[in-house]
1. Using the structure shown, decide if VAL253 is closer than 28 Å to PRO163 by Cβ and assigned by TED's automatic domain parsing to the domain that holds ASP211.
2. Search segment 59-87 for residues being more than 25 Å from TYR167 (Cβ to Cβ) and part of a loop (DSSP other than H, G, I, E, B), and hand back the single one that is modelled with the highest pLDDT.
3. Being in a loop (DSSP other than H, G, I, E, B), hydroxyl-bearing (Ser, Thr, Tyr) and touching a Ser or Thr at 6+ places or on another chain (Cβ under 9 Å) is the filter here; which residues of segment 31-58 pass it?
4. Would you check if there is a residue in segment 252-264 being outside any helix (DSSP H, G or I) and loosely packed, with under 13 Cβ neighbours inside 10 Å?
5. Given the conditions (1) surrounded by fewer than 17 Cβ atoms within 10 Å (Cβ to Cβ); (2) among the polar types (S, T, N, Q); (3) in a helix (DSSP H, G or I), which single one is not true for SER210?
6. What is the residue count in segment 64-92 for residues that are without any contact (Cβ under 8 Å) to a residue 40 or more places away in the chain and either in contact with an Asp or Glu (Cβ under 7 Å, 6 or more places away or on another chain) or hydroxyl-bearing (Ser, Thr, Tyr) (or both)?
7. Can we say VAL231 is without any contact (Cβ under 8 Å) to a residue 60 or more places away in the chain, buried (at least 16 other Cβ atoms within 10 Å of the Cβ), more than 21 Å from GLN27 (Cα to Cα) and in contact with a helix residue (DSSP H, G or I) (Cβ under 7 Å, 6 or more places away or on another chain)?
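The values are calculated or read from the model by the stated rules, or taken from the named source; none is laboratory data. Everything numeric in this text was worked out from a predicted model, so none of it was measured. Here the Cβ positions follow ideal geometry from the backbone for every residue, glycine too, while neighbour counts run over all protein chains shown.
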Amino acid sequence: MKLLKTLGIAATGLLLIFSAAQAAEGQKDAKGISFSFEGPFGTFDEGQLQRGYKVYKEVCSACHAMQYMSFRNLSQPGGPGFNEEQVKVLAAEYTMQDGPGEDGEMFERPGLPSDRFPSPFPNPQAARVANGGALPPDLSLITKYRPGWYGTFNQLVNGIGGPQYVYSVLTGYVPDEELSEELKKEQPEGKAYNPYFANGHWIGMAAPLSDDQVTYDDGTPATVDQMARDVSAFLAWTAEPKMMERKQTGFMVLIYLGILALLLYLVKKKIWANAH
């Protein structure tokens with residue numbers, strides 16, 4: 001009992017320290033928006049994933065890579081729903097470095113479905129130089145890497161809120177003219193204020209979205225809110241591209257376990273029916 005009590009006190013202390021650290025950084029909890037893929041029976045919206053891909057390609061890919069994703073993933077079941085021909089066209093829009101050729105030199109070619117999404121920079125140092133010293137993170141797993149809210153029970157019930165975190169950062173910028181005088185005094189050069197950013201509230205990325213920045217093929221109005229929702233959903237899919245398959249498997253396992261439990265109960269009743 002003493003050991004359990006000691007462990008409980010230690011766990012509580014760690015949680016308090018962690019919460020205090022978060023508060024000290026000034027990070028707000030992510031905005032509590034809902035997505036279609038949440039919950040045990042939630043599914044990805046193909047239209048939203050396609051719009052999110054468009055936002056990634058036309059806005060985010062200028063600075064952020066997705067090194068763990070291949071173009072062919074875009075056609076896999078449970079994803080954006082592009083067919084193989086569409087994926088070939090989408091991949092060919094990128095220029096890939098390949099080689100060496102027969103002359104021993106590297107050469108460029110159109111992308112292929114088997115290629116991974118390329119980085120916009122040749123190396124991390126070049127990325128830092130182009131972004132004022134900040135290194136743009138890879139977005140493949142960003143919704144699993146960045147939680148939107150904290151607390152063991154909260155995350156157990158609601159998940160870590162990774163897509164909500166991405167949405168909140170994209171829509172959470174405070175314009176310089178709206179900052180208090182105190183914040184203006186501490187503002188680092190080239191940084192913007194964003195209370196949802198995990199690494200302190202000063203972020204090296206300027207607000208990336210503006211209304212009508214992209215043109216959606218399905219005619220959906222490209223507001224900042226809509227684009228932020230769409231790209232957040234797309235990045236949730238890149239982080240868990242087999243989510244739908246996993247949910248379907250889990251559902252079948254639960255059905256199997258339920259039937260097995262019922263059969264075991266009936267067998268037990270049959271065996272012990274005459275015991276008394």
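1. no
2. Across segment 59-87, the extreme among qualifying residues is ASN83.
3. Here is the first cut: in segment 31-58, the residues in a loop (DSSP other than H, G, I, E, B) are 31-45.
Imposing the further condition that a residue be hydroxyl-bearing (Ser, Thr, Tyr) reduces the set to 34, 36, 43.
Selection gives SER36, THR43.
4. Step one: filter segment 252-264 for residues outside any helix (DSSP H, G or I), giving none.
The answer is no; no qualifying residue exists.
5. Among (1) surrounded by fewer than 17 Cβ atoms within 10 Å (Cβ to Cβ); (2) among the polar types (S, T, N, Q); (3) in a helix (DSSP H, G or I), the lone unmet condition for SER210 is (3).
6. 3
7. In short, no.
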